[in-house]
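J.: Attaching a single structure in structure tokens format; questions to follow.
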Amino acid sequence: MNGVASLLTIDTGQGYEDRETGQIRYTRPPRARYECHECGTTEGPVAGSVRVREFVANVRTDHRARCSARTTTQQGAHTA
Ligand SMILES: [Zn+2]
């Protein structure tokens, strides 16, 4: 079983461009969710374009730091 260890789901949401400001106005905000299949944890979901962007950029690193499946394995190797 060496398949997908994690799944990052991104919902781009739905919106339209405001002609006056040039910004996107969302009728359904973008969302993102991260599922780790190694420890069974789901991070998020987060909503909103800025938070989704940050989440997508950082979640793999962030989760790796606190993933119980990984930390157990790594620290177990240091047992004297
Ligand atoms: Zn994990």
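Read-outs: derived from the displayed coordinates by stated rules, not from any lab. No experiment lies behind these values; they were computed from the predicted model shown. Note that each Cβ is placed from the backbone with ideal geometry, even for glycine, and that neighbours are counted across all protein chains shown.
J.: Rounded if a/c is under 1.5, else prolate if a/b beats b/c, else oblate: with a ≥ b ≥ c from the C-alpha gyration tensor eigenvalues square-rooted, which is the stretch 6-73?
T.: Numbers: a/c = 4.96, a/b = 3.00, b/c = 1.65.
It comes out prolate by the Cα gyration axes.
J.: Once fully extended, how much extra length lies between residue 35 and residue 23, figured as 0.36 nm per residue of separation less the alpha-carbon to alpha-carbon distance? Provide the component values of the computation, followed by the final result.
T.: Details: separation 12, 0.36 × 12 = 4.32 nm, distance 3.04 nm.
Result for the pair: 1.3 nm of gain on full extension.
J.: Now a separate question. Around residue 33, with a cut-off of 11 angstrom between Cβ atoms, what is the net charge of the other residues, counting Lys and Arg +1 and Asp and Glu -1?
T.: Values: positive: 31; negative: 11, 35, 43.
Within the 11 Å Cβ shell, the charges total -2.
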